Amino acid sequence: MKRDGRLEEWKPEKIVEAVLKAMRAVGVGSREDAERIAGRVVEEVKKKFGAERVPTVEDVQDLVEEALMREGLTEVARAYIVYRQRRAEIRDIKKQLIGVKDDLKLSVNALSVLKRRYLLKDEFGNVVETPGQMFRRVARAIALADKAYGKDFSKAEEEFFSVMTSLQFLPNSPTLMNAGTEMGQLSACFVLPVEDSIEGIFNAVKYMAIIHKSGGGTGFSFSKLRPKGDVVKSTGGIASGPVSFMRIFDVSTDVIKQGGRRRGANMGILDVHHPDIVEFVTAKRVEGAFSNFNISVAVDDAFMEAVEKGGEISLVNPRNGREVKRLNASSLFNLIVNMAWATGDPGLVFLDEINRHNPTPKLGRIEATNPCGEQPLLPYESCNLGSINLAKMVRPERGDFDWDRLREVTRIAVHFLDNVIDVNNYPLPEIAKITRANRKIGLGVMGWAESLLRLWVPYNSEEALKLAEKVMDFISREARQMSVELAEERGSFPNFEESIWPSKGYHALRNATLTTIAPTGTISIIAGVTSGIEPLFAVTFVRNVLEGTKLLEVNQTFEEEAKRRGFYSRDLMLQIAKTGSIQEVEGVPSDVKEVFVTALDIEPEWHVRMQAAFQKHVDNAVSKTINLRQDAPLEEVRKAFLLAWKLKCKGITVYRYGSRREQVLTIRPLEVKAIL
C-alpha cells in the first residue's frame with residue numbers, strides 16, 4: 001500500500017534496487033547480495049502479513065533494515081536509513097510547500113518549476129493535473145498527428161509518454177505548456193523581419209507580442225534599419241537608428257508575460273558593417289538596459305580576417321548601400337571584447353559559417369537566430385526543439401553508452417518533433433506557411449556533464465571531445481535516417497527540391513534540419529540534470545526552494561563516489577558548497593578532482609573546443625556559455641572569440657562570473673551558513 005492509500009502491485013525488484021543503492025554508497029556488496037536480501041524480505045512479508053493484510057511502504061522498509069542488520073551489513077543499513085530519512089524530508093517539503101501530487105518521484109525543484117510554469121490550473125489558480133497527467137496530455141496531443149497519415153496513434157502515444165515520464169526525452173517548454181490546450185502554440189523559436197519603415201517596425205513589435213503571449217522567443221536582425229541621423233524622405237525628418245527602436249521592443253516585452261508563465265526573450269542582431277555598430281555594441285553598458293534582449297554582432301569572415309591583419313572595414317548605409325565611414329577592425333573588435341568582458345554582451349554570430357550550412361539558400365540568406373543563438377532561421381520561420389537526456393543513456397558498468405537505446409529514443413524524438421509541426425497552432429499565417437514548407441526541427445541533448453562523470457571522463461580532456469563527436473554524430477545520423485523514413489511514408493518537406501539535400505544524395509527527407517543544441521534551462525531542471533552540453537556549475541551547492549527553505553544539493557555521482565571511498569561527510573559537503581569546487585578542498589582524492597571539474601575550473605579554450613566538437617555534427621547551431629572566472633583578463637575573451645571562429649562555431653557567448661549583479665547561477669557562502 002502506497003502512502004496515499006493506493007494499492008500497487010508488489011515489485012521485489014524495487015527492493016533490490018534500493019538495497020543496491022545503499023551498498024554502492026558504502027562500497028559493499030553486489031547485485032547478487034541485494035537479490036538475496038530482497039528474497040529474504042519477500043519471505044518475511046509473506047510470513048508477517050499473509051494473504052489477508054496489505055503491507056505499507058514503511059512496513060517493507062522496516063523489514064529491509066532488519067534483514068541488513070541480520071546479515072551484519074551495518075554500514076549498508078545505516079546508508080539505507082539515511083536514504084529513508086532524506087526521502088521523508090523531501091516528501092514533507094513537496095507536500096507542505098509545493099502542494100503538487102508527485103506521481104513520478106521528481107525532485108523538489110522539478111515540482112516547483114512544474115507548478116509555476118507547466119501544470120494546468122483552474123480559474124482560481126489551483127493545479128489540476130499531476131506531472132504524469134501533463135505528460136499524458138502532451139503525448140496524446142502530439143500522437144494525434146499520426147491519424148492524418150492513416151496510422152493508429154495509440155502506439156505513438158505510449159512511446160511518447162514512456163520517453164517523457166522516464167525523463168529520457170523532453171520537448172521544449174511551449175509544447176509541455178500548451179499541447180492539448182486551447183492555445184496549442186508549441187514552438188519555442190521564431191525569427192521576425194524588421195523592415196525599414198514605421199509600418200514594418202511596428203508590425204514586428206505586434207507580431208513579437210503575439211508570439212511572446214503564446215510562450216515563444218523571438219530573434220531580430222535590425223541591420224536593414226537606416227542609421228541614426230539619416231534622412232527620412234517621407235517626412236523630411238531624421239532617423240533615430242536601430243538602437244532607439246530596439247527600446248520599443250524591449251519595453252513591450254517587459255509588459256508581456258509569455259502565456260502568463262514565461263518572461264519574454266529576444267535576440268537583437270546588428271551587422272558589423274552597420275554605421276551604428278558602436279552604439280549597438282555599447283547598448284548594454286549600463287546594467288538593466290535592454291534587459292529583455294541578448295545582443296550579438298553579426299560578423300563575416302572579412303571582418304575577422306581584418307582583425308587578424310590589422311585592416312579596416314567599411315560601414316555601409318543599408319538604405320542605399322553607400323559607404324559612410326571606414327573603421328579599424330581591431331579597434332572595433334577590442335570594443336566588443338571589452339563590453340563582453342564587462343557585461344556578457346554582445347556575443348558574436350558568424351553569419352558566413354551559418355549560411356555555408358543553410359539548407360535552403362534559394363529561399364534567402366539567414367540573418368538572425370532565436371534568443372539563445374542555437375537556431376538560425378529565415379524571416380517568419382519557427383522551430384520546435386527537444387532534448388535527449390544523455391545521463392539516461394549511459395551504462396557505467398559497461399563504461400559506454402547504450403547505443404541501442406540511444407538509437408531508439410532518437411527515432412521516437414524525431415517522430416515526436418515532426419508531429420509537432422502538424423498539430424501546432426501557429427501564431428501567424430506567415431509563420432505557418434514557411435515552417436510547414438521547411439519542417440525544421442531541433443533535436444539536442446542535455447545531461448552531457450553527468451554522462452561524462454558516470455563514464456569517469458574529465459570534461460576538459462581530449463577523450464571527452466572525441467566522445468562528444470561520436471555521440472552527436474550518432475544522433476545526427478540516426479535522426480536523418482528516421483527523417484528519410486518519415487519522408488518515404490508521409491512525403492518530404494515541400495521545399496526539398498529547392499534545398500541542398502538532393503545534391504547530397506538524398507531522395508527524400510522530411511525535415512530541412514534535424515539537430516540543435518539548446519540551453520534546456522527549465523526542462524533540464526525537470527530531468528534533474530545539467531543543461532545542454534554545459535559542465536557542472538557546482539559539485540555541491542545550496543538551493544533556495546520556496547519560502548526561504550534551503551536544501552543542500554550534492555551531485556549524485558560525486559556523493560556515491562565519496563561514500564564508496566569513505567571520504568563523505570556532511571561537513572565536507574557544506575565546505576564544498578561555499579565555492580562549488582573541490583579543487584582546493586583537502587581530503588578529496590586527486591583522481592576525483594580531475595574528473596569533477598566545474599564550469600569555472602575549466603579553461604575557456606576547453607569550453608570553446610567542446611562547443612566546436614558538437615557543432616561538427618549539428619545542423620543548426622549550439623547554445624553554450626563560455627564561462628570565465630571573475631579575475632579573467634580581457635585577453636581570454638579575445639582568444640575565445642578568435643578560436644570559436646577558427647573552429648567553425650556558428651556563434652559564441654562569453655560570461656565572466658560576477659560581471660552582472662543578477663545572474664542565473666551563483667555560489668553564496670552566506671547561504672551555506674544559513675543551513676549549518
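Given the conditions (1) part of a helix (DSSP H, G or I); (2) modelled with pLDDT of 85 or more; (3) surrounded by 15 or more Cβ atoms within 10 Å (Cβ to Cβ), which single one is not true for residue 106?
Only one criterion is unmet by residue 106, namely (1).
In the range 156-175, how many residues are of a type in the set (S, T, N, Q) and within 17 Å of the chain's Cα centre (by Cα)?
4
Looking for something among the basic types (Lys, Arg) and either farther than 19 Å from residue 619 by Cα or crowded, with 24+ Cβ neighbours inside 10 Å (or both) - is there at least one such residue anywhere in the range 363-382?
Checked against the condition, which is being among the basic types (Lys, Arg) and either farther than 19 Å from residue 619 by Cα or crowded, with 24+ Cβ neighbours inside 10 Å (or both), the range 363-382 yields no hits at all.
So is residue 314 in a helix (DSSP H, G or I), in contact with an Asp or Glu (Cβ under 9 Å, 6 or more places away or on another chain) and either under 25 Å from residue 228 (Cβ atoms) or modelled with pLDDT under 95 (or both) or not?
No; evaluated as a whole, the condition is false for this residue.
Just the residues that are part of a loop (DSSP other than H, G, I, E, B) and among the small types (Gly, Ala, Ser), please, taken from the range 363-393. Write out each step before concluding.
Restricting attention to the range 363-393, the residues satisfying the condition of being part of a loop (DSSP other than H, G, I, E, B) are 364-367, 370-375, 378-381.
364, 373, listed by residue number.
I'd like the residue in the range 616-626 that is in contact (Cβ under 8 Å) with a residue 60 or more places away in the chain and crowded, with 24+ Cβ neighbours inside 10 Å and, out of all such residues, is nearest to residue 605 (Cα to Cα). If you could, list the steps in order and put the result at the bottom.
Our first condition is that a residue be in contact (Cβ under 8 Å) with a residue 60 or more places away in the chain; within the range 616-626, this holds for 616-625.
Right, trim to crowded, with 24+ Cβ neighbours inside 10 Å and you get 618, 620-624.
Working: 618: 20, 620: 22, 621: 19, 622: 16, 623: 16, 624: 13 Å.
So, considering only residues that are in contact (Cβ under 8 Å) with a residue 60 or more places away in the chain and crowded, with 24+ Cβ neighbours inside 10 Å, the one nearest to residue 605 (Cα to Cα) is 624.
Sort out for me the helices (runs of 4 or more DSSP H) sitting completely within the range 545-637 that have 2 or more residues that are closer than 30 Å to residue 385 by Cβ.
So the answer is 556-564, 604-615.
If you go through the range 534-542 one residue at a time, do you hit one that is outside any helix (DSSP H, G or I), more than 28 Å from residue 147 (Cα to Cα) and outside the structural domain of residue 582 (by TED's automatic domain parsing)?
No: zero hits.
Could you list, in sequence order, all residues of the range 214-233 that are under 21 Å from the mean Cα position of the chain (by Cα) and free of Cβ contacts under 8 Å to residues at least 60 places away in the same chain?
Passing the criteria: only 215.
Of the residues 450, 430, only one is under 19 Å from the mean Cα position of the chain (by Cα) and on the phi < 0 side of the Ramachandran plot; which?
Working: 430 fails: under 19 Å from the mean Cα position of the chain (by Cα).
It is 450.
Quick one: in the range 549-587, of everything that is of a type in the set (Gly, Ala, Ser) and surrounded by fewer than 16 Cβ atoms within 10 Å (Cβ to Cβ), which residue is modelled with the highest pLDDT? Walk me through how you get there before you give the answer.
Pass one, the range 549-587, residues of a type in the set (Gly, Ala, Ser): 562, 566, 569, 577, 580-581, 587.
Next, from what is left, pick out any that are surrounded by fewer than 16 Cβ atoms within 10 Å (Cβ to Cβ): 566, 569, 587.
On the way: 566: 87, 569: 86, 587: 90.
Here the residue is 587.
If you check residue 163 against the conditions, is it modelled with pLDDT of 95 or more, part of a helix (DSSP H, G or I) and buried (at least 21 other Cβ atoms within 10 Å of the Cβ)?
Criteria met by residue 163.
Yes or no, residue by residue, for (1) under 25 Å from residue 448 (Cα atoms); (2) at pLDDT 95 or above:
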| residue | (1), (2) |
| --- | --- |
| 113 | yes, no |
| 134 | no, yes |
| 140 | no, yes |
| 157 | no, yes |
| 168 | yes, yes |
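When you go through 205, 194 one by one, which is the residue that is part of a loop (DSSP other than H, G, I, E, B), free of Cβ contacts under 8 Å to residues at least 60 places away in the same chain and among the aliphatic types (A, V, I, L, M)?
Result of the check over 205, 194: 194.
Out of all the residues in the range 266-282, which are among the aliphatic types (A, V, I, L, M), assigned to a strand (DSSP E or B) and either surrounded by fewer than 24 Cβ atoms within 10 Å (Cβ to Cβ) or touching a helix residue (DSSP H, G or I) at 6+ places or on another chain (Cβ under 6 Å) (or both)? Don't jump to the end; show me each part of the working.
Keep residues of the range 266-282 that are among the aliphatic types (A, V, I, L, M), which gives 267, 269-270, 272, 277-278, 281.
Still in the running and assigned to a strand (DSSP E or B): 267, 269-270.
Across the range 266-282, the qualifying residue is only 270.
Going residue by residue through the range 170-189, is there one that turns out to be in contact with a Lys or Arg (Cβ under 6 Å, 6 or more places away or on another chain) and either on the phi < 0 side of the Ramachandran plot or acidic (Asp, Glu) (or both)?
no
Counting residues that are touching a Gly at 6+ places or on another chain (Cβ under 7 Å) and either of a type in the set (Asp, Glu) or crowded, with 16+ Cβ neighbours inside 10 Å (or both), which helices (runs of 4 or more DSSP H) fully inside the range 402-474 reach at least 2?
Because the criterion is at least 2 residues that are touching a Gly at 6+ places or on another chain (Cβ under 7 Å) and either of a type in the set (Asp, Glu) or crowded, with 16+ Cβ neighbours inside 10 Å (or both), the helices (runs of 4 or more DSSP H) in the range 402-474 that meet it are 403-423.
The values are calculated or read from the model by the stated rules, or taken from the named source; none is laboratory data. Because the structure is predicted, anything quoted here is derived from the model rather than measured. So basically every Cβ, Gly included, is an ideal-geometry build from the backbone, and we count neighbours across all protein chains shown.
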